[in-house]
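Participant: The structure is given below, and queries will be raised subsequently.
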Amino acid sequence: MRFFTLPPSGVYWPYVLINANRPERGLRYLRRWGRVEAVIVDSGVEIFRDPSVRDYPPSHLERVAALYRIASLYAREVWAVAPDYPDDYHPRSLWVGGKTNIERTVESVTAAVDSHPEVRWMIPVQGHYMDAESLGRCVELYAEVGILDRFGYFGVANLCTARSAGFVVRAVRYAASLLAGKRLHAFGIPLGAALRLEGVLHSFDSMAWTFPRERGRRSCGGARERERYFLEFVSRLPRNA
């Protein structure tokens with residue numbers, strides 16, 4: 001089970017996560033280390049934390065594709081996440097024009113893969129807020145438009161704000177039952193949930209190691225502290241991660 005993150009600059013890690021909205025630090029990391037095993041270029045859904053934002057900027061897809069090309073110079077494998085629409089930051093805020101976030105995600109993914117067939121896409125599976133079964137609707141639509149047959153790496157994308165490890169495990173296992181034979185990624189899940197999904201997930205990502213709790217506050221600390229936090233975090237991963 002691969003663990004993707006953006007590591008401290010002074011520590012080598014083979015699986016790197018780059019955010020399409022803030023790629024500079026990730027690109028510096030790749031240039032410093034020269035070569036890594038794999039990179040995921042994340043579409044950057046955190047822009048929707050702002051409830052007034054309803055869509056990606058017009059140039060966003062081109063940005064993701066450009067970052068994919070750059071990252072390909074530094075990694076054996078590169079995947080880009082097709083832009084999707086979450087429902088967990090502000091439930092139903094991205095339900096627009098009679099379409100929920102699920103339908104909008106399927107339309108966005110279809111446009112991405114058709115516009116940039118040269119990109120190796122990871123396909124996000126979206127759902128409604130705290131509704132594991134709604135993932136089935138997304139998979140159903142992917143089957144209807146041919147995405148399910150065309151791609152082999154799918155990411156469960158409705159879990160980033162979930163606080164319940166039980167819900168995360170249930171949602172991922174449900175998605176896995178719908179996507180038999182596919183590689184499965186989980187976005188932004190807690191480490192405790194990931195450990196319960198060994199053998200189900202091919203990979204997951206998290207930046208949780210950057211937020212250790214000290215004296216009731218979250219703090220990244222200095223460079224040495226960040227390296228310590230990171231090494232402590234990855235020491236808890238399965239041996240094959």
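Computed from the coordinates by the stated procedures, all read-outs in this text should not be read as laboratory data. Computed from a predicted structure; not experimentally measured. For neighbour counting, all protein chains shown are included, and Cβ atoms are generated from backbone atoms with ideal geometry for every residue, glycine included.
Participant: Angle between the Cα long axis of helix 101-115 and the longest principal axis of the chain, 0 to 90 degrees, nearest 10?
Facilitator: The two axes meet at around 80 degrees.
Participant: Under a 10 Å cutoff between Cα atoms, tell me which one of VAL119, VAL168, VAL96 has the largest fluctuation in the Gaussian network model of the chain.
Facilitator: Most flexible of the set in this elastic network: VAL96.
Participant: Counting only residues 5 or more places away or on other chains, whose amide H sits under 5 Å from the amide H of VAL16 once H atoms are built in the peptide plane?
Facilitator: Excluding prolines and chain starts, which carry no amide H, the hits are THR5, ALA38, VAL39, ILE40.
Participant: Over region 1-119, what portion of Cα pair distances is larger than 26 Å, expressed as a whole percent?
Facilitator: Beyond 26 Å sits 25 percent of the P(r) for region 1-119.
Participant: Whole angstrom only: what separates the Cα centroid of region 93-132 from the Cα centroid of region 162-176?
Facilitator: 20
Participant: At a 10 Å Cβ-Cβ cut-off, how would you order ILE123, ILE147, fewest neighbours first? Provide the component values of the computation, followed by the final result.
Facilitator: On the way: ILE123 28, ILE147 20.
Result, fewest neighbours first: ILE147, ILE123.
Participant: For CYS160, CYS138, which order do you get if you count the other beta carbons within 10 Å of each Cβ and list the fewest first?
Facilitator: Numbers: CYS160 16, CYS138 30.
Listing CYS160, CYS138 from fewest to most nearby Cβ atoms yields CYS160, CYS138.
Participant: Each residue of region 146-154 in turn: what ³J(HN,Hα) in whole Hz from Karplus with 6.51, -1.76, 1.60 and θ = phi - 60°, glycine and Pro shown as x?
Facilitator: With the stated coefficients, region 146-154 comes to x, 5, 4, 7, 7, 10, x, 10, 10 Hz.
Participant: Next up: Residue separation times 0.36 nm, minus the C-alpha to C-alpha distance between ALA66 and ARG49: what's the value? Mind showing how you got there, number by number?
Facilitator: Working: separation 17, 0.36 × 17 = 6.12 nm, distance 2.41 nm.
Full-extension gain reported as 3.7 nm.
Participant: For the Cα atoms of the chain, what angle does the longest principal axis make with the long axis of helix 24-33, in degrees from 0 to 90, nearest 10?
Facilitator: Relative to the chain, helix 24-33 is tipped by roughly 50 degrees.
Participant: Multiply the residue separation of ALA143 and ARG32 by 0.36 nm, subtract the distance between their alpha-carbon atoms, and state the gained length in nm to one decimal. Before the final figure, lay out the partial values.
Facilitator: Working: separation 111, 0.36 × 111 = 39.96 nm, distance 4.10 nm.
Computed gain between ALA143 and ARG32 is 35.9 nm.
Participant: Taking amide H positions as placed in the peptide plane 1.01 Å from N, state which residues far from ILE123 in sequence (5 or more) or on other chains have amide H under 5 Å from it.
Facilitator: For ILE123, the qualifying residues are TYR153, PHE154, GLY155.
Participant: R0 = 35 Å: FRET efficiency of ARG170 with ASN21, Cβ-based, nearest 0.05?
Facilitator: With a Förster radius of 35 Å, E is 0.70.
Participant: While we're here: Using the alpha-carbon atoms, what tilt in degrees (0 to 90, nearest 10) does helix 165-178 show relative to the longest principal axis of the chain?
Facilitator: 50
Participant: Let me ask another. For LEU231 and SER9 in the same chain, what is the full-extension length gain: residue separation times 0.36 nm, less their Cα-Cα distance, in nm? Intermediate values should be presented prior to the final figure.
Facilitator: Details: separation 222, 0.36 × 222 = 79.92 nm, distance 1.25 nm.
Full extension from LEU231 to SER9 adds 78.7 nm.
Participant: For a label point 7 angstrom out from the Cα of ALA180 toward its Cβ, which stretches of region 147-169 have the backbone nitrogen within less than 20 Å?
Facilitator: Only 147-156 fall inside the zone, counting backbone N under 20 Å.
Participant: Collect residues whose amide H, placed 1.01 Å from N in the peptide plane, falls under 5 Å from the amide H of ALA75; neighbours closer than 5 in sequence don't count.
Facilitator: Residues meeting the amide H criterion: VAL36.
Participant: A follow-up question, please. Can you give me the Cα centroid spacing of region 1-43 and region 177-205 in angstrom?
Facilitator: 19
Participant: Let me ask something else. Quick one: dipole size for region 6-151, taken about the Cα centre, charges +1 on Lys/Arg Cβ and -1 on Asp/Glu Cβ, in debye to the nearest 20.
Facilitator: Working: 17 positive and 20 negative charges, 168 e Å.
Using Cβ point charges on Lys, Arg, Asp and Glu, region 6-151 gives about 800 debye.
Participant: Using a Gaussian network model of the chain whose springs link C-alpha atoms within less than 10 Å, name the residue from ARG22, ARG35, ARG104 with the highest mean-square fluctuation.
Facilitator: Largest GNM mean-square fluctuation: ARG22.
Participant: Which ³J(HN,Hα) values, rounded to whole Hz and listed in residue order, are derived for region 86-97 from phi using the Karplus coefficients 6.51, -1.76 and 1.60 in 6.51 cos²θ - 1.76 cosθ + 1.60 with θ = phi - 60°, glycine and proline given as x?
Facilitator: x, 10, 8, 6, 9, x, 6, 5, 9, 8, 10, x
Participant: Please arrange LYS182, LYS99 by how many other C-beta atoms lie within 10 Å of their C-beta, fewest to most. Could you put the intermediate results ahead of the total?
Facilitator: On the way: LYS182 18, LYS99 14.
Taking fewest neighbouring Cβ atoms as first place, the list is LYS99, LYS182.
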